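For reference, the structure is listed below as structure tokens.
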Amino acid sequence: DLMWRNCGVVRNEEGLRRGLDGLGELGASLSAVDVSPTGEGWNDLGLLLDLRSALLTGEATIRGALARTESRGAHNRSDFPELDPSGLEHHQVRWDPATGSIEGLSEPVPSVSEELSSWLARPIVEVGGDRLLE
């Protein structure tokens, strides 16, 4: 519910920051979660790891949304409703496994190779009327 309310289809900086704060509060409580073996095994541990993964994914999603100051496709920022022509030229999120930190950033994306560009420029072949062969 936290992600849907603050990082749903239509987003803005205020909601994204509120979502990031909420994820931080949830993450801070992870150390208090009791993990105990039962007769069925270590289900608690699996659930805790799933929660930790969901929090990491949520943080990456929000930081990426904050770094992207445009609306494009399913990413709709009410505070940035227009496309940014340079928006496809940069990576937006990086996770540092050494520290566990996630940051939004901009780094140039390498150019598409000549070989791949020529392959992408080939025409689409139609097969059987309304079916496409890619």
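Since every read-out is calculated from the coordinates, none of them should be taken as a lab result. The model shown is predicted, which means the values in this text are computed figures rather than measured ones. Every residue, glycine among them, receives a Cβ derived from its backbone with ideal geometry; neighbour counts consider all protein chains shown.
A few comments on the model shown:
- Condition met for G19 (within 18 Å of the chain's Cα centre (by Cα), part of a helix (DSSP H, G or I) and free of Cβ contacts under 8 Å to residues at least 40 places away in the same chain): no
- Looking only at the range 22-58, and only at residues there that are over 23 Å from E103 (Cβ atoms) and of a type in the set (D, E, K, R), the one that is farthest from the chain's Cα centre (by Cα): E40
- Members of the range 74-90 that are touching a Ser or Thr at 6+ places or on another chain (Cβ under 6 Å) and touching a residue at least 24 places away in the same chain (Cβ under 8 Å): R77
- Qualifying residue in the range 63-72 (condition: of a type in the set (K, R) and in contact with a Ser or Thr (Cβ under 8 Å, 6 or more places away or on another chain)): no
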